[in-house]
Amino acid sequence: MNDRTSHVEDEEALAFHKEPVPGKLALSPTKPMATQRDLSLAYSPGVAAPVKAIAENPDAVYDYTSKGNMVAVISNGTAILGLGDLGAMASKPVMEGKAVLFKRFADIDAMDIEVEETDADAFIECVKRIGNTFGGINLEDIKAPESFIIEQRLRELLDVPVFHDDQHGTAIISVAGIINACDITGRKISDLKVVVNGAGAAGIAVLELLKAMGVKHENALLCDSKGVIHTGRDGLNQWKAAHAADTDRRSLAEALDGADCFLGLSVAGAVTQDMVKAMAKDPIIFAMANPDPEIRPEDVRAVRDDAIIATGRSDYPNQVNNVLGFPYIFRGALDARARTINEEMKIAAARALAALAREDVPDEVAAAYHGSRPSFGRDYIIPSPFDPRLIHYVPPYVAQAAMDTGVARKPIADMTAYRASLARRLDPTAALLQRIQGAVMGHGRRIVFAEGEEPSVIRAAYAFQNQELGKAILVGREEITRANMRQVGVPEDAIEIVNARLSDRNAIYADFLYERLQRKGYLRRDVQRLVNNDRNVFSACMVKLGDADGMVTGTTRSYAAALSDVGLVLDPAPGQRVMGMSIALAKGRTLFIADTNIAEFPDSEALADIATETAAAAKGFGFTPRVAFLSYSTFGNPQGQRSDKLQEAVRLLDERGVNFEYEGEMNVDVALDPSHRFLYPFSRLKGPANVLIMPAIHAASIATKLLRVAGGATVIGPMLVGVEKPVQIARLGASVSEITTLAALAAYDPEKHEVESTLAE
Ligand SMILES: NC(=O)C1=CN([C@@H]2O[C@H](COP(=O)(O)OP(=O)(O)OC[C@H]3O[C@@H](n4cnc5c(N)ncnc54)[C@H](OP(=O)(O)O)[C@@H]3O)[C@@H](O)[C@H]2O)C=CC1
Ligand SMILES: CC(=O)C(=O)O
Ligand SMILES: [Mg+2]
């Protein structure tokens, strides 16, 4: 990585943390707080009732407060990643980060607490007094040996699980990876010759768990900043001394000579290529220091093509990082209301992670692997953090181990139901976006950003390219575009810029467009002006004539204007209708809604087409479509002319013999709420609808906006469907992430994706 790239990455990371609001975390209420009555219930006088109930029975706190799903992420900043002791406040971004990961991956509410105290006793005293208010305590980035003392004492003092993530989270993931790496290289853990570099919180915990799994003391060497920890060394603390080896090896280089396995939990650059060369055949090298590893995978690869390599980073295969552990370990512990997180629970988590890596991977995982579908082997020894199965796979093992070892205060009665409830906790927005990204990554689709001079578009194009979603092309005047790139911190040569006027394709596009529009009132000079000056027209020509695979526009012009520009160049796809589809994600549901922006009052023929195209799109996103034609009436009640066209649309689909479930007309609650189904036993929908066909554009627009503004849904789109080439039109003033998502959608090919998913099944 050169300096300039890392500078830009810093800029991007700072902007990410700063905008649109500072930080990564906010709290949101789970009860309505709208009326006087709400206030009376939530606060005084109503709140007195749960107060008294908890005073009488302390366990009732789990019934009446958020304690049971709330974890505190607590640090004093003395070992922030591998950056060292930078103080409590500097650790806040990492602690906020851990807290959002708890939410994102395990739906646990977490709060960061930075304690300005480096003295172990004083720190313990502080956490002791606040600890029981949370369902669990995740200690983070506290340096050894204080971290050992702090965790041990707090485990004794508090009534909730206390878990130092850098110790046990890291140990669990490392051991899961080692189990699989041994399997692949045909080794037994009991014979493994291990070197652990870094004798701090992470290093010592990893070595202890490895020994608990069967690594022999005489086969393990632990090193710190002074080299090998051996029995002749003075001044060792008790935790290091417990692992002192009877050996004459002194340096890390000597320790690694002939070793099978290296686990780095120290600092960047601690390992050299010469050290790696001296390791045994098929060396296992986990360089886990963050943010930069002990040695980079490419440097290992240059000297050892037989190595299995893992790092703590997400931009290389085999990410051995505790993010794979803490969300799921706490999920299982909280759900079983475990008093503690014991060795059995940790080993259960490690075994579950190791087992999951051996199963076929779903689409979301392909995203982390640049679009290619990994399978168990040297570059896939551990599940990707984006594997959506982690949430329902790992916690049941942890909870079961808590129950088996008698530390569960609330045993889980029905594990099958528990597993199903865990699956519903996954954030559907993240899962869907992950799936889309997984499908487009690594295919190198060329997406033209028509408004290439706009700073937000430049940043979106850069993010699109950096995430390897495809190749971005900016349309704009070079000088202005470059100046704006400098202004937003994007390297000037990072993205291709095309100036419509100066492009060597200009004349070809003008010829093509003249041919197309000459009988529609356009003179040659009109067409030339359009190609020179209208970036939507120019970009659409690029797509039409194969110089790009898709386009994004819309941030500076109205939707209708952008659509009409594009319509000068591109036609509807053969046999298709151009329409708008929005995807709303809320409360565990994904809803495809159409037509959200083209047909004002679709007739029954149009409604049947819209249903068919939306069902196909839903399939392309990996869903089994269940289509409901929505109305104010349900199956003719109340009667009215406006429902006729919907009934006719259903009849047309009967006639066409389509291969998806559809039904209507019906109210939206009948479509979505299964409790209404007993009234309509004849309905052909086998479950709640997920494709909602609206009777008219105003209903569609009102419904999606209501969902977004009042219902808290994430709404993606409206996406343009049915154009012969992929075009996406953003809303005026769209954010960088919205534009990036639309660019990914322009690069996404649902039909191809559908085939790929089918093949993978
Ligand atoms: N991938 C993952 O999931 C995780 C990675 N880590 C990484 O592990 C590292 C250590 O974290 P943590 O244990 O919490 O920190 P600690 O402060 O508790 O321990 C750091 C250890 O690193 C040792 N060390 C420093 N420099 C060197 C060196 N050149 N060679 C050998 N050892 C050295 C220190 O030695 P001494 O005792 O002599 O001072 C100390 O033992 C960090 O880089 C962190 O990012 C941590 C947790 C999870
Ligand atoms: C990942 C982590 O917790 C660390 O590097 O400290
Ligand atoms: Mg950490």
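Odds and ends about this structure:
- Distant-in-sequence amide contacts of Ala144, defined by a placed amide H-H separation under 5 Å and a gap of 5 or more residues or a different chain, comprise Ala201.
- Straight-distance crosslink candidates among aspartates and glutamates, where the alpha carbon sits under 17 Å from Lys544 and sequence neighbours closer than 8 are dropped: Asp504, Asp511, Glu515, Asp534, Asp565, Asp571, Glu724, Asp749
- Among the protein heavy atoms of the stretch 187-321, carbon and sulfur supply 47% of the accessible surface, probe 1.4 Å, non-protein parts ignored.
- With contacts taken as Cα pairs under 8 Å and at least 6 residues apart, the stretch 73-149 reaches a relative contact order of 41 percent.
- What the phi angles of the stretch 253-266 give under the Karplus curve with 6.51, -1.76 and 1.60, with θ = phi - 60°, is a coupling list of 4, 5, 4, 7, 4, x, 5, 7, 9, 10, 10, x, 9, 10 Hz, glycine and proline written as x.
- From most to least packed by mean Cβ count within 10 Å, the peptides 160-170, 247-257 give 160-170, 247-257.
- Under the criterion of Cα pairs below 8 Å and six or more residues apart, the relative contact order for the chain equals 9 percent.
- With helices as the sole contributors, the chain gives -12500 deg cm²/dmol at 222 nm; each DSSP H run of n ≥ 4 counts as -39500 (n - 2.57), and the sum is divided by every residue.
- Cα-based equivalent ellipsoid, the stretch 187-321: semi-axes from gyration tensor eigenvalues, Å: 22, 15, 14
- Centroid-to-centroid separation of the stretch 398-463 and the stretch 506-561 [C-alpha atoms, Å]: 38
- The three principal axes of the Cα atoms in the chain give end-to-end lengths of 93, 68, 47 Å, sorted in falling order.
- Residues whose amide H falls under 5 Å from that of Gly554, counting only those 5 or more places apart or on a different chain, are Ala730, with hydrogens built in the peptide plane.
- Neighbour-limited loop hits for trypsin sites (Lys or Arg not before Pro), the stretch 572-601 (at most 16 other Cβ within 10 Å; DSSP other than H, G, I, E, B): Lys587
- The separation of the stretch 275-311 from the stretch 101-118, counted between C-alpha centres, amounts to 32 Å.
- Test item: Cα-centred dipole of the chain, Lys/Arg +1 and Asp/Glu -1 on Cβ, debye: 1220
- Within straight-line cross-link reach of Lys31, lysines at Cα separation under 17 Å, skipping those fewer than 8 residues along the same chain: Lys67, Lys587
- For peptides 527-538, 199-210, sequence by mean Cβ density within 10 Å, most packed first: 199-210, 527-538
- Straight-distance candidates among the lysines for linking to Lys18, with alpha-carbon spacing under 24 Å and chain neighbours fewer than 8 residues away dropped: Lys92, Lys98, Lys103.
- Near Thr634, the amide H atoms lying under 5 Å from its own belong to Asn667; only residues 5 or more places off or on other chains count, and H is placed 1.01 Å from N.
- Beta-bridge orientation, the chain: approximately 25 percent antiparallel, per DSSP, counting only bridges with both partners inside.
- Working note: Karplus 6.51/-1.76/1.60 with θ = phi - 60° gives the stretch 524-536 the couplings 4, 5, 4, 5, 4, 4, 4, 5, 6, 10, 9, 5, 5 Hz, where Gly and Pro are set to x.
- Order by protection proxy (mean Cβ within 10 Å, highest first), peptides 609-620, 293-304, 135-146, 263-274: 135-146, 609-620, 263-274, 293-304
- Heavy-atom accessible surface of the stretch 483-543: percent carbon and sulfur, 1.4 Å: 45
- Converting phi to 3J(HN,Hα) with the Karplus coefficients 6.51, -1.76 and 1.60 and the offset θ = phi - 60°, the stretch 540-554 yields 5, 5, 4, 5, 4, 9, x, 8, 8, 9, x, 9, 10, 8, x Hz in sequence order, with x at every glycine or proline.
- Surface share of carbon and sulfur [accessible, 1.4 angstrom probe, percent] for the stretch 69-156: 54
- Charge dipole of the chain about the Cα centre (unit charges at C-beta), most positive-ward option of Phe16, Gln576, Gln487: Gln576
- Of the two radii for the stretch 14-55, the radius of gyration is 1.29 times the Kirkwood radius, both from the alpha carbons; that is the Rg over Rh value.
- In the stretch 187-321, lysine pairs with alpha-carbon atoms under 21 angstrom apart (chain gap of 8 or more, or interchain): 13
- Per residue, the accessible area of the stretch 187-321 comes to 40 Å² when a 1.4 Å probe rolls over the protein heavy atoms.
- Shape descriptor for the stretch 628-761: Rg over Rh equals 1.01 (Cα atoms; Rh from the Kirkwood inverse mean 1/r).
The values are calculated or read from the model by the stated rules, or taken from the named source; none is laboratory data. These figures come from a predicted structure and were not determined experimentally. Cβ sites come from the backbone with ideal geometry, for glycine too, and all protein chains shown count toward neighbours. Quick note on the areas: whole protein, heavy atoms, side chains included, nothing else; ligands and nucleic acids left out. Shrake-Rupley method; radii C 1.70, N 1.55, O 1.52, S 1.80 Å.
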